[in-house]
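A short write-up of the structure that comes next.
The values are calculated or read from the model by the stated rules, or taken from the named source; none is laboratory data. Quick caveat, the model's predicted, so the values are computed rather than measured. Cβ atoms come from the backbone with ideal geometry, glycine included; neighbour counts cover every protein chain shown. Please note that ligands, DNA and RNA were not included when accessible areas were found on the heavy atoms of the full protein model with its side chains. Shrake-Rupley method; radii C 1.70, N 1.55, O 1.52, S 1.80 Å.
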Amino acid sequence: MASQEEILNDGRFSRITRDPRFWEMPEKERKVKIDKRFRAMFHDKKFKLKYTVDKRGRPVNYTSTENLRKFYALSESDSDLSESGSKEHTEKKKKKKKAKPKGDADS
């Protein structure tokens, strides 16, 4: 068999290297970007399925969430917001706890 370089150097197939249809997709563009509304699908139990065999009947040991992480990614602006949002959420909880006096009872 001819090597990959010999095929690309052949005049009949030289246009393949210049045609963008045949270029490999960049790593950053492979995953579909989703926003914060769908971030629950990465950790929610409703989306988690444990596979025992693949579509051809071979045994496998992975879950559907691993597939989701392989094909989807949170958009960068939303992932930054979710991190800061979680920090703000914990700070609000702390403030609410401090604001309630322990000894007062209204009943």
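Here are the numbers for the structure shown:
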quantity: Residue check for residue 46: among the basic types (Lys, Arg), modelled with pLDDT under 85 and open to solvent by 100 Å² or more (accessible area, probe 1.4 Å); calculated: no
quantity: Any pair with Cβ under 9 angstrom, 6 or more apart, that starts in the range 49-74 at a residue that is open to solvent by 100 Å² or more (accessible area, probe 1.4 Å) and ends at one that is among the basic types (Lys, Arg); calculated: 61/50; 69/31; 70/31; 71/30; 71/31
quantity: Odd one out for residue 24, checked against (1) at pLDDT 85 or above; (2) open to solvent by less than 80 Å² (accessible area, probe 1.4 Å); calculated: (2)
quantity: Residues satisfying the stated conditions in the range 3-21, i.e. surrounded by 10 or more Cβ atoms within 10 Å (Cβ to Cβ) and either touching a residue at least 60 places away in the same chain (Cβ under 8 Å) or part of a helix (DSSP H, G or I) (or both); calculated: 6, 7, 8, 9, 13, 16, 17
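Let's see how each residue does on (1) in a helix (DSSP H, G or I); (2) under 20 Å from the mean Cα position of the chain (by Cα); (3) modelled with pLDDT of 85 or more:
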{"position": "1", "(1), (2), (3)": "no, no, no"}
{"position": "37", "(1), (2), (3)": "yes, yes, yes"}
{"position": "40", "(1), (2), (3)": "yes, yes, yes"}
{"position": "79", "(1), (2), (3)": "yes, yes, no"}
{"position": "90", "(1), (2), (3)": "yes, no, no"}
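Matching residues to (1) closer than 25 Å to residue 72 by Cα; (2) touching an Asp or Glu at 6+ places or on another chain (Cβ under 9 Å):
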position: 11; (1), (2): no, no
position: 14; (1), (2): no, no
position: 20; (1), (2): yes, no
position: 25; (1), (2): yes, no
position: 29; (1), (2): yes, no
position: 35; (1), (2): yes, yes
position: 39; (1), (2): yes, yes
position: 46; (1), (2): yes, no
position: 50; (1), (2): yes, no
